[in-house]
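**Student:** Before we start, here is the structure in question, set down as structure tokens.
Any read-out appearing in this document is the output of simple, stated calculations on the displayed coordinates, not a laboratory observation. Since the structure is predicted, the reported quantities are computational estimates derived from the model, not experimental observations. So basically every Cβ, Gly included, is an ideal-geometry build from the backbone, and we count neighbours across all protein chains shown.
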């Protein structure tokens, strides 16, 4: 293996200078940073597998109930969905810039990058809330309030847009689509909320002058988390919103 | 980077470690590429491509995700171990999705 | 009978005054510790507690099955009993058993590190485990769950009137305990090895835990999302597993078994790591084919991800899936077999002695082999159709998990007891307990193979009267087994006060953990070792003893 040599190349433990934020079971800051980063990546692997279950379910049912999935997907607002995608991609960019500012000890740059990321993140959630509200109004939330009426008898606007009425049993399958829609975007939004909470804390600390002494592991590893949440959305968007918009 | 705290060669065996600072220009180019990709995928969904629609959509999404992982998440500049780790995650994900779907697709093939 | 035990002079020996137990005092110093050894001890106490709860439930099962009628308890109650038995034993005992106790204690020491990579996350793991355990107990006390530990849909999502949600949440939380432990181990083994400790000088115990940790990190999250979906289905009726809404119950099983099959390897691999260490020490010989054993651990982990649908052969998956998964299941048996062969060859021409850990290890080798071979009958789709959901399955997994894993756990606890506590347990009674356990085990579970082949279904409170004789045998065996498990509690606790002082290396074993004091210092090493000797290098050990004067701790 490439790391068959040990990272700890000093035989003496704890007898040399080390910064106050170095933990005592580590031999060097380099070891600590790489270790923490590796730990973060392993955590992201668990997240990949966590969402993996939902993607599996989605792909199976999309194959089984394609017409229902198409019709249901068309009720999602593509403008809001695309806007959210752009918002998240931009927030990934601003977060990457934030990491760069921390690496190069640019205090103001870091603060502004984090503020931008935070605002974009909140913007994403705001747009999502609006979308969820629309789903609520249309009775598309699975459970006791769900109604597939709009798919069996599409209204004028939908018919003009090219929607065809679904047979009642296929129309009922739109509830499966919406179950997955809410499970997947809901789980994603939950991760966004957690991220925003952590980001706020980090922003506060950065504003007070933190992360300028080279100890930027938190910023870097939070960046990894944030980019991962962005990647989940990069897959959610085409799968949920863009099922053959040409029909 | 706290190089002055080390009393051994920091780069011993880790030539591509976190020392590499990615420039904002790289980030900006990747950002633009992601925007272009988003536009492409939206546009492609309005084209009639039959069974290729989902393939194109997933392909574009994979390219975008790869760009984020390589550049925004620094994997391109990280050690082999990190690359292997990401690969292992993706591989296991593909096993879950692939082998489950294989069951569903082959049910339609009948009883032999 | 000869023994390799070498203890210091008991008239002058003392347990070292400064060690990880005496280092700090007060309950908070334990409850807020970052010391991997203290956390290991906290885990040991907790999992023992849950083991006895699971064991009590097993006792109730066997009592009920003494008679063909469901006369001790109603069928519904019986369903709850075996469900809770499974949930407690698997998630609260077997999964954390070796990793969270022995793994936590030993891995940093074995690699020459001062602690795991993330001590606080290690402590968090324990608290998550406790929360999961508390929720499970709560669910049990307030009515239990009756779906079987496998939570099969649509029973668990629609028809069960029991505490499915609470138990699902409990397992979700306990799952994260497992994930964090695995994450910690992977990072530690990669990044925290001492100078000179290359991958191929690692004790096989570390390789085994590394492989199990990969499974923990990659597999457990799928269980987590599955449980979330079950809870959502039960609460708001999302329909993802509900046939009336277009869902597929089999999807639940795919997602559930994607974790739960690797879970059995999560459970057994650390036990195999223990066996490697014990067999080497008590045969005074390097493990035969070290590289093969190391790689086979990883191979079990990798292949373990490819075979989950062999739990679903009769459930309605496609015949092609059955074929593929059956073939892959045959493959996954190979690395396990490699290990058994290698241990056997380690014993060949070794200087074997029969201390308690070795007795348990012998028990493991025999019983795990039988359990594993019966797994082949089950992996072969044709025979599985007859044997699945019968007592054959029950016997199979109890042979590998109890005859295998639990014996490995006891072997490890006895082997490292002197290191962890500074005291030796009493040898004669512990050997007796090992033999009693072995006898009790065989009486309990071997008849169950026969019952399964004869057609007795599992999870039934009532059965046809012709099966009673074998069931009575099984219950009788269970009572003997219970004695075998109670004895260690008694004498191990006794040894804490009255056991002989162990010294650094009572077994004259190789490995870094035996070169430091018993119990170890909080920081493990006074100076970080530089590793020059090979793993299982008994010649090096001989030379060390010649050159060293007896030293205190």
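**Student:** Only Cα pairs within less than 10 Å get springs; with that Gaussian network setup on chain A, which residue of A:60, A:78, A:127 has the largest fluctuation?
**Tutor:** Residue with maximal mean-square fluctuation among A:60, A:78, A:127: A:60.
**Student:** Among C:53-60, C:509-516, what's the highest-first ranking by average C-beta atoms within 10 angstrom per residue?
**Tutor:** Working: C:53-60: 19.2, C:509-516: 21.6.
Highest mean packing first, the order is C:509-516, C:53-60.
**Student:** Taking just the alpha-carbon atoms of segment A:124-183, what radius of gyration and Dmax come out, in angstrom?
**Tutor:** Rg and Dmax of segment A:124-183, Cα atoms, are 12.3, 35 Å.
**Student:** Which FRET efficiency, nearest 0.05, do residue C:389 and residue C:454 yield, Cβ-Cβ r, R0 22 Å? Kindly include the intermediate steps, with their values, before the conclusion.
**Tutor:** Working: r = 14 Å, r/R0 = 0.63.
Plugging the Cβ-Cβ distance into 1/(1 + (r/R0)^6) gives 0.95.
**Student:** Give the share of C-alpha pairs in each 5 angstrom bin for segment A:51-242, from 0 to the last occupied bin, in whole percents, shortest bins first.
**Tutor:** 1, 8, 15, 17, 15, 12, 9, 7, 6, 5, 3, 1, 0
**Student:** Compute the long axis of helix C:249-283 from its Cα atoms, compare it with the longest principal axis of the Cα atoms of chain C, and write down the angle in degrees, 0 to 90, nearest 10.
**Tutor:** Helix C:249-283 and the main axis of chain C meet at about 30 degrees.
**Student:** Which angle from 0 to 90°, rounded to the nearest 10, does the C-alpha axis of helix C:119-141 make with the longest principal axis of chain C?
**Tutor:** In chain C, helix C:119-141 runs at an angle near 40 degrees to the longest axis.
**Student:** Where the Cα atoms of segment A:45-120 are projected onto their three principal axes, how long is each span, largest first, in whole Å?
**Tutor:** 53, 31, 12
**Student:** Quick one: the Cα spread of segment C:1-97 along its three principal axes, in angstroms, biggest first?
**Tutor:** 62, 45, 20
**Student:** In peptide C:191-201, how many Cβ atoms from other protein chains are near each Cβ within 10 Å, on average? Walk me through the numbers on the way to the answer.
**Tutor:** Details: counts 14, 8, 6, 7, 8, 5, 4, 5, 3, 2, 1.
Mean shielding by partner chains, rounded to a whole number: 6.
**Student:** If one puts a single equal scatterer on every Cα of segment C:33-552 and applies the Debye formula without solvent, what log₁₀ I(q)/I(0) results at q = 0.10, 0.12, 0.13 Å⁻¹?
**Tutor:** -0.77, -1.12, -1.32
**Student:** Over chain A, with a Gaussian network built from C-alpha contacts below 10 Å, which listed residue (A:154, A:19, A:168) shows the highest mean-square fluctuation?
**Tutor:** Maximum among the listed residues: A:19.
**Student:** Now, a different point. What share of all Cα pairs of the protein assembly as shown, in percent, falls into each consecutive 10 Å distance bin?
**Tutor:** Values per bin, smallest distances first: 2, 11, 20, 24, 20, 14, 7, 2, 0, 0.
**Student:** Let me ask something additional. Could you grab the relative contact order for segment C:33-552? Cα pairs under 8 Å, six or more apart, rounded to a whole percent. Write down the numbers at each step before the final one.
**Tutor:** Values: 886 pairs, mean separation 90.9, N = 520.
Reported relative contact order: 17 percent.
**Student:** Report, in degrees rounded to the nearest 10, the 0 to 90 angle that the Cα long axis of helix C:164-191 makes with the longest principal axis of chain C.
**Tutor:** So the helix axis and the longest Cα principal axis differ by about 30 degrees.
**Student:** Something else about it: So what is the 222 nm mean residue ellipticity for chain C from helices alone, if each DSSP H run of at least 4 adds -39500 (n - 2.57) and you divide by all residues, rounding to the nearest 500 deg cm²/dmol? Intermediate values should be presented prior to the final figure.
**Tutor:** Numbers: 17 runs with 340 residues, N = 553.
Dividing the helical sum by the residues of chain C leaves -21000 deg cm²/dmol.
**Student:** Further question on the same structure: For chain A, modelled as a Gaussian network with Cα springs under 10 Å, which listed residue fluctuates most, A:104, A:117, A:145?
**Tutor:** Judging by the Gaussian network model, the answer is A:145.
**Student:** Now for a separate question. Once you average over the residues of C:323-332, how many Cβ atoms of partner chains fall within 10 Å of each Cβ? Walk me through the numbers on the way to the answer.
**Tutor:** Working: counts 2, 4, 3, 0, 0, 1, 0, 0, 0, 0.
If you average over the peptide's residues, the count of other-chain Cβ atoms is 1.
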